[in-house]
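Scroll down for the structure; my scribbles are underneath it.
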Amino acid sequence: MNTFWKIPINRLKKWVPLLALFLWMAPVLMGATPINPYNGVSISVANDSGTRFDYGGNDVYYVNFKSATQGLNAIHIAAQSSDMVGVDFTTSGTSGTFYITDSGGKGYDDEIILLVSINANSLPTDFSLSLQASGYQVTVDSTYVVTQSNYATMEEQFGPEDFIYGPQTWKPAGAQDYPLWIGEDISVAANSCLLMFVDLYVGIDSQTSGLTDNGQVRVDYQFENLPAMAAFNAYGYRILTNGDIEWTNRTSGTGSSGWRVTPVSNLPADVYDDYQPPRHSVDGDDLIWMALHYGTTPADPDWDSRCDIVANAVIDDADVNAMLASFGATY
């Protein structure tokens, strides 16, 4: 039953600016669409300058794995540039560094494309992801030998509008329904993610000794207002393979690697959405629920201790600020 009309007028007046702020902070409704099909498909990158290599003349990369099992052994997500096996890493820190390494026999990649997925159907308007990448731009001859290697960097910031793919639970690969992260159950709808591809404008040179970061790609990231878990994947591109993407990090079985960022909500776990069925997210319904109890103390019949986030025995501005600090987070 809707009980909003029972709130005293003086309480409603106080909440008008806050509710206006909620509308301003409301998540962006994404115009994203799932990738189709899972292989043999063109993908667009979010970079302002588009793709570094435009093999087909249409500013896209073509994902074209040769089989369900090929292209899953060479590319790795690692914590060190010397690691040619990779790690399964999860962190709550919203900034950090990882490496993309290549242990394949050819010993190089013309380009590395980063896939960023976020476990959400929409993103807040103040969400951003800053990326810095460094690596090598290589020239190879017809026998795959690197003849020139130049160190290069890329830096760019991305927003909600750049996540143009999804929601979906899988990444492009040679096999259908290939998971976005290690241990993911792709049949669970709650694992659906929005996806963004980023051209890092650098590749890998594992043939030449003495290079910075062993010739591998370094990625530095920083999220702002990340509402849910984010996962990183990498793809390798070579001109001499018909200008296709044919390699990615394995996320299922032996040799898997991946990097996930899981933000921690500032709210205690027992603060949840009571105004409507619990969704385990800090959203507008939680603000409304707090509004219904604003100004109350334990002596009031409608007191709800879960709204007393700062535990000062009154539902006040300190609790509102604590909730707003975690707005959009999940737990």
Return the FRET efficiency for the residue pair N312, V85: r is the Cβ-Cβ distance, R0 is 45 Å, and the value is rounded to the nearest 0.05.
-> 0.35
Most exposed to least, judged by fewest other Cβ atoms within 10 Å, S67, S252 sort to S67, S252
Going by how many other Cβ atoms sit within 10 Å of their own, how do S257, S142 line up, fewest first?
-> S142, S257
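If you put +1 on each Lys and Arg Cβ and -1 on each Asp and Glu Cβ, how big is the dipole of segment 134-192 around its Cα centre, in Debye rounded to 20?
Using Cβ point charges on Lys, Arg, Asp and Glu, segment 134-192 gives about 160 debye.
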Using θ = phi - 60° and the Karplus relation 6.51 cos²θ - 1.76 cosθ + 1.60, list the HN-Hα couplings for segment 67-81 in order, rounded to whole Hz, with x at every Gly or Pro.
-> 7, 5, 10, 7, x, 10, 10, 8, 8, 9, 9, 9, 8, 9, 5
Neighbour-count ranking [beta-carbon atoms within 10 angstrom, fewest first] of T90, T251, T147 = T147, T90, T251
Per-residue HN-Hα couplings for segment 94-107, Karplus 6.51 cos²θ - 1.76 cosθ + 1.60 at θ = phi - 60°, whole Hz, x for Gly and Pro?
-> 8, 9, x, 9, 9, 10, 10, 10, 10, 9, x, x, 6, x
For I245, what charge total do you get from the other residues with a beta carbon under 12 Å from its beta carbon, if Lys and Arg give +1 and Asp and Glu give -1?
-> -3
Can you bin segment 31-261 into rounded, prolate or oblate? Criterion: square roots of the alpha carbon gyration tensor eigenvalues sorted a ≥ b ≥ c, rounded for a/c under 1.5, prolate for a/b above b/c, oblate for the rest.
-> rounded
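FYI, it's all coordinate maths here, none of it is from the lab. This is a predicted model, so every value here is computed, not measured. Don't worry about glycine lacking a Cβ; one is built from the backbone with ideal geometry, like all the others, and counts go over all protein chains shown.
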